[in-house]
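See below for the structure under consideration.
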Amino acid sequence: MKKKHLFWLLLPSYWILTAVAILVVALYAFHSMSNLYFQALENDIHTRATLLAEQASPLVASMNEEAIDALCKKLGASAGTRFTIIMPDGKVVGDSDERPDVMEYHGDRPEIRMALAGDVGMDTRYSRTIRQEMMYIAVPLKDGTRQTLCAVRASLPMTAIKSELNAMTLRVIAASILTGILSMIVCVVVVRRITYPLRGMGNAARQFAEGDFNHRIPSQETLELDQLADSLNSMSAQLSKTLSTISEQRNEQNAVLSSMDEGVLAINKKERIIHMNRVAGEILGVNHRETKREMMQQVVRFANLQEFIKALLGSQRPLSRGMTLIADTEKQIQASGSVLWNAEKEPIGALVVLRDVTRVRHLETVRSDFVANVSHELKTPITSIKGFVETLLSDDWNHEPDILRFLQIISQQAGRLNAIIDDLLMLSRLEQKDGLVMKEPCKLSAVIETAIYLCQLQAGKKNIKIDCVCPEDIEISINAPLLEQALVNLIINAVKYSENDKKVLVLAEARQDSVVIYVKDEGFGIERKHMERLFERFYRVDTARSRKLGGTGLGLSIVKHIVSAHEGSIRVESKVGAGTTFILTLPIIEPDE
């Protein structure tokens, strides 16, 4: 449907209202003037009839019909009025225009009946006698006793009044037409004064929509339009400020995303690309500027990454996974994803961060291979040293005290070096497995009891009691030797860093989707500042004490690798002077999985 201009909607309405108003005023004026003319004529005729009645009163009292008729003719000729005197029996005794004796019976005339009844009568009708439309007014002529003697009637023709009314009608119509034309012109001017500023504001609004926020609407004469202009100007200034802020933020965001070493990929719930930065495009081998609103499957050509993104969209929780992307070259990628939220805190998709760790993984492999090779090469000479030192310390040799002490120190340090090499080899094997270890269902209580048994000898030297609380029905899919090694390391640490006659508690409990193992001691405790680095290689809380107690600095790192290989987690709770609790959380994996 074609839209009309406001001008053509308002103008006809104004014209119609103006025409109706002029028509009503014209009709009212015509009606008022007509009433005024007729009222003036009626008063004039009534006055003439009253004057005739006063002069004819003596003649009527004497019943001198000739004198009455002569008086009517005389006054009628001088006043230009037709006078008639009618007796109560309807007989005409005097008339200014006709002979009374030839005139018909007048007692049935409306005005005569009213006059003979004692009231003033009036009627307008066509007179057959003089062949004109006349206005008749009859007044009663009464004697001293208030008895009606006769009716005195005066009449004038309506021709003059109608002529005057016709002229007045023409004048009213002409004035109405002229007033209507002037009113229409005024309406056009008024409507234009309303619509012209609105049209200007509409053009200004279009300029605002096109981005020209420097344009300003001038002030208007009317208060309402001026307020509207001020509001539009304020809106323009606010829009300019807001868009400048958004543009600045977008540029900053693009600069940040473009400068990142990690690839950023934002995907909505319908698996369409919302944003991709330069690094993500390089990792995926696509042009990041041409991927917006494209389907994820058309941009991401790697099945394992597609599977990761779909799992992230379906799970609505953070996920992290390492994967290999094979194209022209092989890339090692660490993918991390989280839920993407809108301003109303509703999930709208997923945000994936891709980090190319190919070089890092290569360096880690080189380092791991180096450690493994060096540890393996050191194993043979250390074994030889230990063997020779043990031979020299045998009873077959009789050494001096100083030599014996030096040999014991060599044996002790060789044993410590051997333990470090064993731990390094263990870490190397765990890293080479890359978290993939053989698992099988087994009773958790049996694993814990074996670990405690292996630690009893060292605990007995300090008279430390190791308690175990583990339900017999807990069965979990694990690599029993590795978990046993992790528990031994934790229990040995608890024994080492506890005073004599203390207790160590190993507690296991099953939850809905995991098994939690607590290793709690009553030892020295760990300060908060050491918590973050506690599982680093060779990191020691108290270097002097650790060396004195014979630690390698690799035990907790081995524990963390073993727990990670089981897809679990480990955390520490400690209070200085009150003991430490290591908490292992292992997911429950059913045997058929």
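The values are calculated or read from the model by the stated rules, or taken from the named source; none is laboratory data. Since this is a predicted model, take the numbers as computed values, not measurements. Every residue, glycine as well, gets a Cβ built from its backbone with ideal geometry; the counts of neighbours run over all protein chains shown.
Specify which of the listed residues (223, 239) is of a type in the set (A, V, I, L, M), surrounded by fewer than 11 Cβ atoms within 10 Å (Cβ to Cβ) and either out of contact with any Gly (no Cβ under 6 Å at 6 or more places or on another chain) or without any contact (Cβ under 8 Å) to a residue 24 or more places away in the chain (or both).
The match here is 223.
Name the residues in the stretch 162-201 that are more than 30 Å from residue 218 (Cα to Cα) and either free of Cβ contacts under 8 Å to residues at least 40 places away in the same chain or not in a helix (DSSP H, G or I) (or both), would you? Before the answer, list the steps.
If we filter the stretch 162-201 for residues that are more than 30 Å from residue 218 (Cα to Cα), which is where we start, we get 162-182.
Of everything in the stretch 162-201, those that are more than 30 Å from residue 218 (Cα to Cα) and either free of Cβ contacts under 8 Å to residues at least 40 places away in the same chain or not in a helix (DSSP H, G or I) (or both) turn out to be 162, 163, 166, 167, 170, 171, 174, 177, 178, 181, 182.
Which residues, counting only those in the stretch 549-576, are closer than 22 Å to residue 497 by Cβ, modelled with pLDDT of 80 or more and in a loop (DSSP other than H, G, I, E, B)?
Within the stretch 549-576, just 576 meets the criteria.
Identify, from the list 69, 89, the residue that is assigned to a loop (DSSP other than H, G, I, E, B), of a type outside the set (Phe, Trp, Tyr) and free of Cβ contacts under 8 Å to residues at least 40 places away in the same chain. So that I can check it myself, show each step before the final result.
Numbers: 69 fails: assigned to a loop (DSSP other than H, G, I, E, B).
Result of the check over 69, 89: 89.
When only residues in the stretch 76-86 that are in contact with a strand residue (DSSP E or B) (Cβ under 6 Å, 6 or more places away or on another chain) and not in a loop (DSSP other than H, G, I, E, B) count, which is farthest from residue 168 (Cα to Cα)?
Only one residue fits best here, namely 86.
From the list 115, 204, 138, 151, exactly one residue is crowded, with 18+ Cβ neighbours inside 10 Å, assigned by TED's automatic domain parsing to the domain that holds residue 88 and without any contact (Cβ under 8 Å) to a residue 40 or more places away in the chain. Which is it?
Result of the check over 115, 204, 138, 151: 115.
How about the stretch 226-236: which of its residues are exposed (fewer than 15 other Cβ atoms within 10 Å of the Cβ) and either over 19 Å from residue 194 (Cα atoms) or acidic (Asp, Glu) (or both)?
Across the stretch 226-236, the qualifying residues are 230, 234, 235.
Given the conditions (1) part of a loop (DSSP other than H, G, I, E, B); (2) more than 57 Å from the chain's Cα centre (by Cα); (3) buried (at least 19 other Cβ atoms within 10 Å of the Cβ), which single one is not true for residue 501?
Residue 501 satisfies all of (1) part of a loop (DSSP other than H, G, I, E, B); (2) more than 57 Å from the chain's Cα centre (by Cα); (3) buried (at least 19 other Cβ atoms within 10 Å of the Cβ) except (3).
Give the residues of the stretch 242-290 that are touching a helix residue (DSSP H, G or I) at 6+ places or on another chain (Cβ under 6 Å), free of Cβ contacts under 8 Å to residues at least 24 places away in the same chain and β-branched (Val, Ile, Thr), sorted by residue number.
Within the stretch 242-290, 286 is the sole residue that qualifies.
What single numbered condition from (1) in contact with a Leu (Cβ under 9 Å, 6 or more places away or on another chain); (2) farther than 21 Å from residue 38 by Cβ fails to hold for residue 156?
The single condition residue 156 does not satisfy is (2).
Select from the stretch 453-474 the residues that are crowded, with 16+ Cβ neighbours inside 10 Å and within 57 Å of the chain's Cα centre (by Cα) and write down the one among them that is nearest to residue 518 (Cα to Cα).
In this case the residue turns out to be 470.
Any chance the stretch 396-403 includes a residue that's modelled with pLDDT of 70 or more, β-branched (Val, Ile, Thr) and over 60 Å from the mean Cα position of the chain (by Cα)?
yes
Being over 15 Å from residue 84 (Cα atoms), of a type in the set (Gly, Ala, Ser), touching a helix residue (DSSP H, G or I) at 6+ places or on another chain (Cβ under 8 Å) and modelled with pLDDT under 80 narrows it down to one of 175, 209, 160, 205, so name that one. Steps first, answer last, please.
On the way: 175 fails: modelled with pLDDT under 80; 209 fails: touching a helix residue (DSSP H, G or I) at 6+ places or on another chain (Cβ under 8 Å); 160 fails: touching a helix residue (DSSP H, G or I) at 6+ places or on another chain (Cβ under 8 Å).
Criteria check complete, one pass: 205.
Residues in the stretch 306-318 that are surrounded by fewer than 16 Cβ atoms within 10 Å (Cβ to Cβ) and touching a Gly at 6+ places or on another chain (Cβ under 7 Å): how many?
Residues meeting the conditions: 1.
Given the criterion over 30 Å from residue 342 (Cα atoms) and under 23 Å from the mean Cα position of the chain (by Cα), identify the matching residue among 236, 231, 240.
Matching residue, one of 236, 231, 240: 231.
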